[in-house]
Each structure stands twice: as structure tokens, then as C-alpha cells.
Amino acid sequence: MNLESYLSKYRSGFSLEQAFYTDFEIFNAEWNSIFKTSWLYAGNVAQIPKAGDYFLYHLRHESIIVIRGNGDVVHAHYNTCRHRGSAICLTDTGHASRLVCPYHLWVYDKDGELLNARMMSSDFDKTNYHLHHVHVKQVEGLIFISLAKDAPDFSSIEKSLAPYLKPYHISKAKVACIKKHTIAANWKLVAENFRECYHCGGAHPEYCSAVIGANLNEDVVGLTHTKQNDWKERGLETRLVEVTDGTTTYAIRYPLRPGIESYSVDGKKVSVPMGSHRDYDAGVVGLVNYPNFWLDAVSDYVWTMRVTPIDASSTEVEFCWLVDENTVEGKDYEVKNLTKFWDVTGQQDATLCENNFRGILSQAYQPGPYAPVEDQVVNFIDWCINKLKSGLSRS
Amino acid sequence: MNLESYLSKYRSGFSLEQAFYTDFEIFNAEWNSIFKTSWLYAGNVAQIPKAGDYFLYHLRHESIIVIRGNGDVVHAHYNTCRHRGSAICLTDTGHASRLVCPYHLWVYDKDGELLNARMMSSDFDKTNYHLHHVHVKQVEGLIFISLAKDAPDFSSIEKSLAPYLKPYHISKAKVACIKKHTIAANWKLVAENFRECYHCGGAHPEYCSAVIGANLNEDVVGLTHTKQNDWKERGLETRLVEVTDGTTTYAIRYPLRPGIESYSVDGKKVSVPMGSHRDYDAGVVGLVNYPNFWLDAVSDYVWTMRVTPIDASSTEVEFCWLVDENTVEGKDYEVKNLTKFWDVTGQQDATLCENNFRGILSQAYQPGPYAPVEDQVVNFIDWCINKLKSGLSRS
Amino acid sequence: MNLESYLSKYRSGFSLEQAFYTDFEIFNAEWNSIFKTSWLYAGNVAQIPKAGDYFLYHLRHESIIVIRGNGDVVHAHYNTCRHRGSAICLTDTGHASRLVCPYHLWVYDKDGELLNARMMSSDFDKTNYHLHHVHVKQVEGLIFISLAKDAPDFSSIEKSLAPYLKPYHISKAKVACIKKHTIAANWKLVAENFRECYHCGGAHPEYCSAVIGANLNEDVVGLTHTKQNDWKERGLETRLVEVTDGTTTYAIRYPLRPGIESYSVDGKKVSVPMGSHRDYDAGVVGLVNYPNFWLDAVSDYVWTMRVTPIDASSTEVEFCWLVDENTVEGKDYEVKNLTKFWDVTGQQDATLCENNFRGILSQAYQPGPYAPVEDQVVNFIDWCINKLKSGLSRS
């Protein structure tokens, strides 16, 4: 059966056919129709505080150099020399005043211009051999890239995320910790898992201790209403943003359980209030941008999750914890304490995703009905199907 | 070249073309025409003595829950939740009074009925969401399953095996040990290896010490005749069962070397007489059921081998040792002593199979002639070819 | 896009399209059009000094037994029993007065004749079951094999290599050390790396210390001219052999840096002069035979490199160090000291090749221009393209 007939069989409200989670051709179609046409979260500027600082973002066969140029400009290049194609940057993070290919020493500027190529013939024109650029955009210190030929519109992402991000001062923030994990599951199962709390009550005791209502058993209408008014008065963004036709962003602010200060295992604060925050009452800011970005911020830290498909059956997730620029490790926060909440919760989710994937491999698997409380999953899956349909109609 | 032309080129009495041992498409055809149309040995009821005890049988992408229901009923289910497909049982063996999916806590009864699905909409009908069943049959405590839509006939298997198995009281027996190995060889090479003793003289000194005639150099006609009469008088089954058109079972009883009590490295008994046996004179019961079951029983223990293809080039074998229900480990048997004979012999066979597979990978390999003493291998290969032909004519 | 259109797009002077380094179908075409039609370096006779000594050469699915017969004859056989295909020799090197299959004990002579097959039926004709032969040729102790049905001409290889090899007395030499590495790169990248010194100045400080001009910054015309005259007077071969239409061999002698005695990290000799050499003034003999053979010899040792593709993305290289027959380890040479120069330089090259391969995987990679000093790489790539074209026109 081909992709077209799978797409025509899709029934919104039911999980996808097995092939969408396992088939290489469909995975490839997703790569082209979703990942190569969208803005992808790459990282944040706090990871590259000085000109020449860079990190690599590996996506399938691509290695993208995200490098800070002069001033606040961030460049993104394919990590491929224009001579014989060697990788130029060899470590996942580093610093380079010039980008020098280790093979035959061709030298590029931070913006990708070829500065020097030894011993080439006299008719060799350096201006034809810039590094291949990747589109790059920033919103409040978060860096998004696009592998598309023509980058899609970024304004709706910027508009949705900026007011929520602003108080955190991410551009000046400090990276406390970055961790990567590989999950043996299709990337959509990871994304689905992070779009519903139907599983939270059974799977996430720590998360449910921090977030009132996460178990779907508690009435939070009154509390939420009170808190929203409070946040508005203090100038904190509260507008719910949902993914609709042509947009990719979800944004929300919701309350912690009364008495809880932060996302932590014991409910107590794990760092000092971040950016312009002055207390622990900002609740939780939850941001999503399809297909690969998640952010949960409490008053004292920002946590981001970058989801990167490796192949149809495995997915890399990268967690990053950001704290206030003026914190001192050991005094204002302990990395172990700061990261424990998402270490524990993330591991629980990884296991759920891997079990989900294993079960889907069976010939007996068939699409099952989502529960009403899984409506955001349906939204995400619908979005994927529509992107695949658009991709088909273009090709 | 396609399967059809390979099948038409097959010449009985010669080993198969390379593609039958290496090609993914042919492996897939075998999966559909052989493994999905046959009764497959899964395990035995001694592995799940109490209601709610279960084990998982992993076959390629399938994970089958074999669970003891109430009374002596055994159920088999696909390990795939009807909600979003998660695996339900996560450990290879366990106990569950109810089958609860770890993802969103849907609850099933041991017989697969959906008992509870939280927060589903009012029009959700639980009776449509039973776990998908797998056919299951028992013969004297051995459990066979079928992944076929309509299960094949089981009566000839039952009729052939039951009289040989009866004295061992497997339903009440005790599992002394289970071990799994992965062999880097096509599954048919493992099966072929266990259908001939042309290799025994050179490869299996321990086996040849225990089994008179295994080296094909000793005259055993007189001894066998005497023993057969003796066994018959004592009510032990001796009828030779061979695989013929439409059947899959081979069964035989043959003598140990005079003075040898058991399958053991030193020839001495390794446990107490099992079931209704009262001495060490029952010889060897050898049972085979195509495509995945082997059993060798001596007076004091039963050894089973379950052969499961992983892919065209690797195969899992599971050995299980059963002893009498009343034995006490450390007093009546030592696991190390009990298992050593098949540990050693099985390792020798695994190495032979892996070397065989490696050699077949060469472009120079061509089907070679089986020796007359390898007639049972020819029987097995003919059976495989016929199953593949039947599969082709059905499709 | 298919191979034909890739070949038609090839532009000499530019590196190849990505697919030539990554695509399985093109790799397979190379296997058939290049590796199965060429003479391949297998090893040398010093590895098998006595009749019955053998080594295995593993190439993809093939395992070739290279065994010394009686006298100086070397035989090569596919390591596949004619009965059921088992591998016969199980260790990478060994000694066997007869080749006995470990499965069912069929016995072959060193020349491949089937001497004994137990219990076969009376109409079995042993003369039909010789081991399948592989073509084999020697030149001055180096062993080349061909997997072709009809072996290609060997005379031009012999003619080019023999005068350079003769003084080293490889037939009587001593194998000091053999090492194997796997490089995560397409085999052509490894071959390309060893056809240019554009990278040497930046990557190989040890090599540039030993070889004057390797950094491409030093004038060596005068020195080379003086040395050439000196070598000619002493009867040492100096004729430059280049790969032209229908030939596969490159050969050259060039000077070491004045004062340098050998290829060593400190520039000092690492063994005694080899074969008929009486001093350390023979310079460097550099030999290449497309597609898999490299040799660099200095006065006191011979180093060979055998390049074997594993798949499109990985390559095995085997280094062998040969020293004079009369040397004593610990007295005349230390293995660690002898091998350090190529250990270090080879590791540098492996890293360059792996980085090159990684960068080529990007969608942004496109063929880049070779520098004029990379003309030998162009020669090699042109040769590969022509072999692929010939293969296409044959099929």
C-alpha cells in the first residue's frame, strides 16, 4: 500500500496505522514534508555566548553548524567543506574564530565566506564557494533553523512565543545542563506522549505532585481563574495559543499546586527567580512548536526539549536547563537537584514511548480510539497528516 | 530471480540454493507460509503453575502473552493494547491477576476481555475492544500456539505426541532451568542440524558416549530390538512416527548405551525418575514437530528446544529442562549437572550451524548432495519447499 | 537516478556525487565492475612460510583460503565445503596438512581435491567436488588473487612491480606485524586519501619530517635528480610507472629528507637493511595497484596496505610490516618502534577519511574542484568511472 492510500484511510480520532510508525518510505515522506518545510528548534543563544562559539545540530545525515558571528548575529551552515565535502567542525560544541577544514585547510569566515583555499588554479573563484547556508531565526534567545529552500513564515511563531519568553531573559541566561537521550520509538510517539495527560495519573507521581489537575481528577477551574487574573495584573502573558490552520504553536500558562514553588521532586524552589521574575508565583509556561520543540518554564528555570527523529524507529531528545544569568552553581542551584524532576519524568515518558512502539509492531495492532482528553494528540496527528498530504500534492 | 523460479529449480536430495538461507523476501515467504500457518511450540504449563502466571513468546515483531486463566485454561493474546497499541506485559515472565496497560491503565481480564477504559466517551463499547486472541492448544502440558487466522488441525500432533509424553507428567513437572541463545545462522540450518547424526561422530563426543550408534559406526539393531520389546511390555510407547503428507510430527524411542543412565556428561543419572518412571531404563524419547519444536527425554528429565527465526541470518533457540514435581534442587538434582549435557552439545551444534551459514554466504556456494544418512534433513527441506509452494498457490 | 545517469553526469576534476560514496546499488556495481574484475592484493608468501600454512582473506561475503601447497605453489580456494557449504577453515591464520570440513569431515587436499567423503552413495563421484578455485598469481612474494571467472592479464602488474620489489627478498622476509582497522568511510575515500599530499602539510607532521617535499612547500627537484642518478648507478629501479589506459600500477622511488634513515618518528633506522640493501640510502619505494594495494618500502622495512570494502560506508585496511629474514626481534628491531610511524600516520588518515565521509552525507554536499596537486586522485576516480562504464556496457 502506498502513502496516498494510507492517507486516504486515516480517520481523525484514531491512532495511525502501523506503517506510519515503522515504514521507511513514510518516514522519508515525513522528513521531506514536515521536517524540511518547518522551522526546527536548534538551541538557544545562551549556548554560544561569545562570537565564534558554536554547537552542531545533527539531524539524520545533516550536521548543522550554529555559530555566533560578530555582535548578536547567529549563522547556520551545513558542516560540509566546498572542496571535497569533509566535515569542518568535529566536536559537538566549540569555538572557532575561523572555520578551517581539517582535511586540506580551506578557511571560511564565521558567516560562511571562503577566505582562503591553498594552491587552487588561477581561475578558481572563491566567491562561488561560500559554505551552504541554513535559514536561521531567533525569538527571545531561542534559535530556530529551516532546511527548506525557501524558509516558511516565522512571524506567527515569534508572535506566539515572544510574550511568554520575554520575562526569562534567555539571551543572557546561563545553561546549567544539557542531556541527550535516544528513545527506541518513532518520533511521533514521543510527540504524542507530550500532548496529553491521560497517562499522567498512572505514570508520573512527581509531575502530578507539582501540577494540580495533571491527574485529571482534580477541579482546577477556580484556582486557574484566580491565578490568571493575578498573572494578568502583574503583566505576565496568559493568552492561550492553539495550533490552527497554518500555525504550529501552542502556548499556555497554568498554575502549580498551591504551596509548590517549582518543578522539583519535593516541590521546593531549585534556583533563584529567573530574569524579571521576583517570586515563585509565575506558574508554568508551556510552549510547543510543531514538530520538534517543547518548553516548560517555572519561575526559577526554563526547560527545553528538542525532538529529533533518527529513523522510523528511534528518536533523539535533548533536554536543556536554563537558569538566571546571575546564579552561581553550588550556591543558587545544584545541577542534580535542578535536573531531577525532568530526569525522572522524562525517563518515565521514554519508557512509555518505547513500550508503545513495541506494541505497535504487532500484526495485531490496529488504530485505536483516542480518549476525549487526548484531543491535543489528535490535533498533532491531524497536522502531520495534513503536512504529508500537502507534500504529496506538491510532488 | 523470484521465489517461484527458485522453487522450480529445487532438487530434492541437494541442499538449498543460497537465497533460501539469506534472502529477506524468501524469509518473509517462509514466515507467511510456514510460521503463520503452523502450530508453534510456545512453552509448557509447568512454566505458569498458578492462575495469572504468564510468559511472553517473542516471534519477530510479535510478543504473545501466554497466561494461565482460571483452572487449567491457558490463554494466548497479542501483547498490544487496543487503545494506542502499547505493550501491556513488560517482563518476559510474570504474574498478573488483571492485565493492565501501563500507558493509560486500560484493564483486561486474563481471558482478554476489556474490563475498564477510563474517561472514554459515552458511545465507547468495551465489548469491541477485547485483546486480540491467538489460537492455543495443549498436549500433555506442552503449549502450542497458532498465529493463523484459522488454526490448522491439531489432532495428528496430539495423537503422535501424547502417548510418548504421558509418563512424564509435564503438567505437574518442575522447570529446573530455561536458557536462550542466539545463533548467527538461518533457522533452517538449525533445524537441519537437528535432523541428522552424520555430524555426531566428529562433533559430539559427549552425545556419542551416551547414545549408542550416534556415531553411525556401531550396530544397534539387536539392542534396539530387545529394548523395544522390553519397553512395550512395560507399556512405554515405541511406535515410530514419521512426517508424511499433511503431518508435522516425528517421534521415536531409542536406547542409551548399555550402562548409561541418562543424558549426562558422565553417563550417570542427574535427577530422580520422572513422572510414572521408576527406573532409568526408558531410553531416549525423541520428538520433533515442524517447524520449531524438539524434545529429548530420558528417564529423569525432559529437555525441550524451541527454535524461533529472528531474521534470515539469525535464530533464537530456547532450551528448557523439566524434572519431576517432587524433586528438591541441591538434593535430587543440581542445575549445573542437569544442564551440562545439552549446554555442551547445544554449543557444539550452534558453532556448526554458524560455520555452515558463513560458508553458504559465498558466491561459490552451490547446493551439495546430502548423504543417505541425512534422509531426515531431506524430509524437512522437502516439507519446507512444499509449504512455500502451497503459500504461493494461495496468494 | 540510476548509475548510467550518474556516470554521464561525472565531470573529471571534480569529486564524485554523493551517491558514489553512499548508495548500495553503486557499491554493488563497483563490486562487480571493479573488485570482481581486478587482481586484488591478498597478502604475501612470508605469511605462509611452510606447506600447509594458510591465511583467510575476507571480502564481503567471501572467505578465501590462501594456502601454501607443496614447494612454492600457493593455492586459493573459496572456504566453502562442497557438501552443505560449511566454512572449512575457521581461524584467520593456521596450518592444515589436509583441509577437513568440521561439519561432516569431508577431506580435501591442499590443492582443493576431494580426498574423502564418508558414507556417500556408490554413484557419488569425488572428482566433481573439488573446492572451487580462485585465481592466484605471485610477484616477488606478493600474492594477488582474482574472483573473476577469467582472470585479467597480470603481466603489466608483474613487469611494473618486480624490479622495485626484487631487492627486498620478500619471499624470504619475516612478517614483523599485521594490524587491521575498520574505517567508517567509503573505500574510495581511503584510496583518494592515499593518492595526494595536499593534506600532508596540515595533517601529517611525522610523515613530513621524514619525506622532504611532502608538505608541498619545499623544492626537491635538485635533490631528486641527484638521488635518481645515484640509485641508477647502484642498480636500483627508478622508472616512474603511471596508471594509463589498461594498466593499474603506479610505482616511484623518491628521496627521504637528508639525514633521515627510515620511515620512523625520529628519523632513525628501525631495523637492519633488508634483502640486498646494504645501507639506508634507497629512499622510498612507493607502489600502488588499483583498486586495493599500497606499498611503501624504505631501506630497512616494507609496509603494505590492503584496502577492502565492507559496504558503502565502511572499509577494512590491513597493514603488514616486513623485515629482513635474518633479523631478531628485540635485537635488530622493536615492533613498537617499527610500526609507530604508520600507526600514527594511518590513524591520522583514518580520521580524515571518516570526517570526509561524514560531510559528504549532507544534502548540501556537491562535487567540489580538486586542486592541481590532487591530479593522482583524479586519475584514480577517472579509472573507477571507466571501470563502472565498462561494467555497464558488458551487462
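One table, with the values for the structure above:
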| read-out | value |
| --- | --- |
| Solvent-accessible heavy-atom area per residue, rounded to whole Å², over the stretch A:40-151 at 1.4 Å | 38 |
| Interface residues in the stretch A:41-88 - accessible area drops by 40 Å² or more relative to the isolated chain, probe 1.4 Å | A:H61, A:E62, A:T80, A:H83, A:R84 |
| Pairwise FRET efficiency - B:V175 versus A:K172, Cβ, R0 = 51 Å, nearest 0.05 | 0.20 |
| Gain in span if fully extended, A:S97 to A:F124, counting 0.36 nm per residue against the direct Cα distance | 7.3 nm |
| Percentage relative contact order, the stretch B:40-151, counting C-alpha pairs under 8 Å, at least six apart | 26 |
| At least 10 Å² of accessible area lost relative to the chain alone, listed for the stretch B:328-366 with a 1.4 Å probe | B:L352, B:N355, B:N356, B:R358, B:G359, B:L361, B:S362, B:Q363, B:A364, B:Y365, B:Q366 |
| Cross-link pairs beyond the 20 Å C-alpha cut-off, checked among C:K36/C:K389; A:K50/A:K174; C:K110/C:K174 | C:K110/C:K174 |
| Solvent exposure ordering (accessible area, 1.4 Å, most first) of B:M305, A:M119 | A:M119, B:M305 |
| Helix-only CD estimate at 222 nm, as mean residue ellipticity for chain B, using -39500 (n - 2.57) per DSSP H run (n ≥ 4) | -8000 deg cm²/dmol |
| The stretch B:177-227-the stretch C:1-69 distance, computed between alpha-carbon centres (Å) | 41 |
| Copies compared at A:D92 - label distances in nm, ascending, label defined 7 Å from Cα in the Cβ direction | 3.1, 3.1 |
| Inter-part distance where the stretch A:72-125 and the stretch C:321-395 are each reduced to a Cα centre, Å | 23 |
| Whole-Å semi-axes of chain C's equivalent ellipsoid (Cα gyration tensor) | 36, 29, 18 |
| Cα gyration tensor, the stretch A:40-151 - rounded (a/c under 1.5), prolate or oblate | prolate |
| Label-point gap, in nm, between B:H133 and C:E113 - each point 7 angstrom along Cα→Cβ | 6.7 |
| Rounded FRET efficiency, nearest 0.05, which uses the C-beta distance separating A:N215 from A:V265 and R0 of 25 Å | 0.90 |
| Most mobile listed residue (C:Y41, C:Y301, C:Y370) in chain C, GNM with C-alpha springs under 10 Å | C:Y370 |
| Computed Rg/Rh of the stretch C:182-303, alpha carbon atoms with Kirkwood Rh | 0.96 |
| Those Cys residues of chain A for which no other cysteine Cβ falls under 4.7 Å | A:C89, A:C177, A:C208, A:C320, A:C353, A:C384 |
| Chain A residue with Cβ closest to the axis mapping A onto C, distance in whole Å | A:F24, 8 |
| For A:I178, solvent-accessible area (1.4 Å; no DNA, RNA or ligand), Å² | 70 |
| Inverse of mean 1/r across different Cα pairs in the stretch A:156-376, Kirkwood, Å | 18.2 |
| The stretch A:40-151 - percent of accessible surface contributed by carbon and sulfur, probe 1.4 Å | 47 |
| Heavy-atom SASA rank of C:K166, C:K159 (probe 1.4 Å, accessible area, largest first) | C:K159, C:K166 |
| Candidates C:H130, C:H277, C:H83: whichever shows maximal mean-square fluctuation once chain C is modelled as a Gaussian network with Cα springs under 10 Å | C:H83 |
| Tensor-based shape of the protein assembly as shown (alpha-carbon gyration tensor, a/c under 1.5 rounded, otherwise prolate or oblate) | oblate |
| Chain C: most fluctuating residue of C:V377, C:V288, C:V73 per GNM, C-alpha cutoff 10 Å | C:V73 |
| Karplus (6.51, -1.76, 1.60) ³J(HN,Hα), θ = phi - 60°, over the stretch A:117-131, in Hz, Gly and Pro reported as x | 9, 5, 6, 7, 5, 5, 8, 6, 10, 4, 5, 7, 10, 4, 4 |
| B versus C: buried accessible surface, summed, Å² (probe 1.4 Å, to nearest 100) | 2300 |
| Solvent-accessible heavy-atom area per residue, rounded to whole Å², over the stretch C:156-376 at 1.4 Å | 37 |
| Restricting the stretch B:1-105 to trypsin sites (Lys or Arg not before Pro) in coil, as DSSP defines it, with at most 15 other Cβ within 10 Å | B:R11, B:K50, B:R98 |
| For A:F124, label point 7 Å along C-beta direction: distances to other copies, nm | 6.6, 6.6 |
| Per-copy distances of the A:L392 label point, shortest first, in nm (7 angstrom along Cα→Cβ) | 3.4, 3.4 |
| Virtual spin-label span in nm between A:L90 and C:V344, 7 Å along Cα→Cβ | 1.6 |
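The values are calculated or read from the model by the stated rules, or taken from the named source; none is laboratory data. If you're wondering where the values come from, they're calculated on a predicted model, not measured in any experiment. When we count neighbours, we look across all protein chains shown, and the Cβ atoms used for this are built from the backbone with ideal geometry, even at glycine. Accessible surface is based on the protein model in full, side chains and every heavy atom, while ligands, DNA and RNA are left aside. Shrake-Rupley method; radii C 1.70, N 1.55, O 1.52, S 1.80 Å.
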